[in-house]
Amino acid sequence: SWAVIIGIDKYENLNNLDYAVADAEAVKDMLINQFNYVEENVRILINEDANKDNIEQAISDVSLEAGENDRILVFFAGHGETMSLPDGGEMGYLLPVDGRQENLYASAIPMNDLKDLSNMSKAKHMLFLVDACYGGLAAVNTRSLTTNTPNFLDKVSDENARQIITAGGKDEKVIEKDDWEHSAFTKNLLSGLKDKKADQNQDGYITGSEIGFFLQEHVSLDTDNFQTPQSKRLTTHEGEIIFFATVEQKEEV
């Protein structure tokens, strides 16, 4: 298992955030301590280290290093932005520490770049968890396999997966609260995985889709529907990243 984790509170050209770094560090700790990610395989970029070049380099390195039976989790906590395109449509961007709203193309990371990097990787499963709100998501809706499918877990763990869950849409704001010491998205991500609450069918496993459903429901509740996470796929593959949800097991499948 591999991970790239990014958290930015102190932006050079944008409003600062309060808990993006705490969110990133909590996700890193959870992956290492709860799901046995090897620390050397977890790259974390915080504040000034999270510039455009470093983020793209880290995701590229991990994408190319991962083997065909490996999985990659990318977590980003920071600002997102949406740019309207001249011919219609939109492009979603993630803002690195040195990002500038007035020149997104030159200074930010287009979501299409993440899609391209995911296509380059041999890794079987990739999950992008983006704690930022923006539109223009280059993703598709698919008729995914259901838990009623015979041998469901075998099939979804065998098939490739390129999944993405974002904190909200372009006209929404990421909500952070001092009471939580996290954003609404990461608070519920930790609850869903660490406390096993996302295991909706109680089968002992948490799939990427279950995480998405859990976040959509609970983030919407916590924010009085001001923020609704989006869960989609970057390709038409129907596989799933899977986590053990049983207390006895502390490894990712």
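The values are calculated or read from the model by the stated rules, or taken from the named source; none is laboratory data. It should be emphasised that the depicted structure is a prediction, and the values quoted were computed from it without experimental measurement. Here the Cβ is made from the backbone with ideal geometry for all residues, glycine too, and neighbour counts use every protein chain on show. Just so you know, the surface numbers come from the protein's heavy atoms only, side chains and all, with ligands and any DNA or RNA stripped out. Shrake-Rupley method; radii C 1.70, N 1.55, O 1.52, S 1.80 Å.
Points to keep in mind about this one:
- In Å², nearest 10: area of Ser209 left accessible to a 1.4 Å probe: 30
- Test item: Cα-centred dipole of the chain, Lys/Arg +1 and Asp/Glu -1 on Cβ, debye: 620
- Correct choice for mean projected area of the Cα convex hull in nm² that was computed from the model, options [x] 14.0; [y] 15.8; [z] 12.9: [z]
- Distance between segment 10-28 and segment 101-125 - C-alpha centres, whole angstrom: 20
- Extension gain, Asp29-Lys173: 0.36 nm per intervening residue step, less the Cα-Cα distance, totals 49.3 nm.
- For the chain, built as a Gaussian network whose Cα springs stay under 10 Å, the top-fluctuating residue of Phe226, Phe75, Phe214: Phe226
- Between Lys10 and Leu221, the simple label model (points 7 Å from Cα in the Cβ direction) yields a spacing of 3.7 nm.
- Carbon/sulfur fraction of accessible area - the chain, other protein chains in place, 1.4 Å, %: 42
- Only beta bridges with both residues in the chain are counted; by DSSP, about 40 percent of them are antiparallel.
- Segment 1-125: C-alpha gyration tensor shape, a/c 1.5 cut-off, then a/b vs b/c: oblate
- Per residue, the solvent-accessible area of the chain (1.4 Å probe, heavy atoms of protein chains only, all protein chains present) comes to 46 Å².
- Per-pair calculated FRET efficiency, R0 = 35 Å: Asn36 and Leu85 via Cβ, rounded to 0.05: 0.25
- Anisotropy class of segment 12-73 from Cα gyration tensor, a/c 1.5 cut: oblate
- Peptide packing: for 163-170, 103-110, 178-185, the average count of neighbouring Cβ atoms within 10 Å per residue gives the ranking 163-170, 178-185, 103-110, highest mean first.
- Label-point separation, Asn119 to Glu48 (7 Å along Cα→Cβ), nm: 3.7
- Potential lengthening of the chain between Ser60 and Lys197 amounts to 46.1 nm, from the contour at 0.36 nm per residue minus the alpha-carbon distance.
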